[in-house]
Amino acid sequence: MTTPTRSLRRWAVIAMAALHVSALAQPTGTLTIKTNAPQARLSVDGRLVGAPADGPFALAPGRVTVTLVEAEEAAWAPRRADASVEIREGETSLVVLNLPLRYRIETFPVGAEVRVEGPGGAEVLGVAPLVIERPAPLDGEVVAEAPGFLPARAAPGGELTNRVSLVLRPLEEGAVPETVAGWETHRRPNRWIDYAAGATAVAAAAVAIHYKFRADDIDDRYRTPGSAERGDPALRAEAERLDGYALAALGAMQVSLGVLAVRFVLR
């Protein structure tokens, strides 16, 4: 004889099975992401679904917002890209969602004017050190110029993150600068270059440490649970600004050390 309790359990199992079948029967569409950052964080309507490389993704039909964010947790200003896409039942929606390419350009001496020279002409990028972002790779060569120095050139690169370091060699007294691919082959015995590079490296290291400590202190106030300043956008902006100074100083230090290494090899 079936007891009431057993009967209730049986109906509960049947109901759960029916709900499961109903869920499986819900219409879905497929989303595929084509991107230059396959390991970035992918969210759909604010819900993290993984990385583009984990796709394709089954989604309920309807319009959704797809967001791609740089995967580096330590990045102060992670790059992101957004797109709106319509998911249709039984169809695959392909979305091209690329993060901007980032170029970090450093020169020794600092303060050189930087431009890119390509088939379409020359474009001034700014004064080094600088960080720029572009939707597509820079086309041509990166050129740095400063008064009293020979121009320096380098290929910009086409990766998601690119670092370009240019060392400008001093002109001989009375010499005329030439635009050449690479550096001039003549050598100068001047020791002041070594002293200047060494002093710049030491000073830049001290500046980088100073600004990094200040940025970390502000970031702690921004992230500390229970803090009255937690989540303050002004703190985040200030931390990003100070961290940018630290990165620029670190880049100047590394370029100065590179100059010393080159001078040693050319002797």
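The values are calculated or read from the model by the stated rules, or taken from the named source; none is laboratory data. Note that this is a predicted model, so its numbers are computed, not measured. For neighbour counting, all protein chains shown are included, and Cβ atoms are generated from backbone atoms with ideal geometry for every residue, glycine included. Only protein heavy atoms, including side chains, enter the accessible area calculation; ligands, DNA and RNA are left aside. Shrake-Rupley method; radii C 1.70, N 1.55, O 1.52, S 1.80 Å.
Side notes on the structure shown:
- Condition check for residue 88: surrounded by fewer than 18 Cβ atoms within 10 Å (Cβ to Cβ), in contact with a Gly (Cβ under 9 Å, 6 or more places away or on another chain), more than 29 Å from residue 252 (Cβ to Cβ) and not acidic (Asp, Glu): yes
- When restricted to residues that are assigned to a helix (DSSP H, G or I) and open to solvent by 70 Å² or more (accessible area, probe 1.4 Å), the range 214-253 contains 10.
For every residue, the table says whether it meets (1) in contact with a Gly (Cβ under 7 Å, 6 or more places away or on another chain); (2) more than 26 Å from residue 170 (Cβ to Cβ); (3) open to solvent by 60 Å² or more (accessible area, probe 1.4 Å); (4) not in a strand (DSSP E or B).
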site: 95; (1), (2), (3), (4): no, yes, no, no
site: 98; (1), (2), (3), (4): no, yes, yes, yes
site: 106; (1), (2), (3), (4): yes, no, no, no
site: 125; (1), (2), (3), (4): no, no, no, no
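- Hits in the range 43-74 - residues which are surrounded by 14 or more Cβ atoms within 10 Å (Cβ to Cβ), within 22 Å of the chain's Cα centre (by Cα) and part of a loop (DSSP other than H, G, I, E, B): 51, 70, 71
- Of all residues in the range 132-157, those that are part of a strand (DSSP E or B) have Cβ atoms under 6 Å from Cβ atoms of residues that are of a type in the set (Lys, Arg), 6 or more apart or on another chain, in 133/102; 141/153; 143/115; 143/153.
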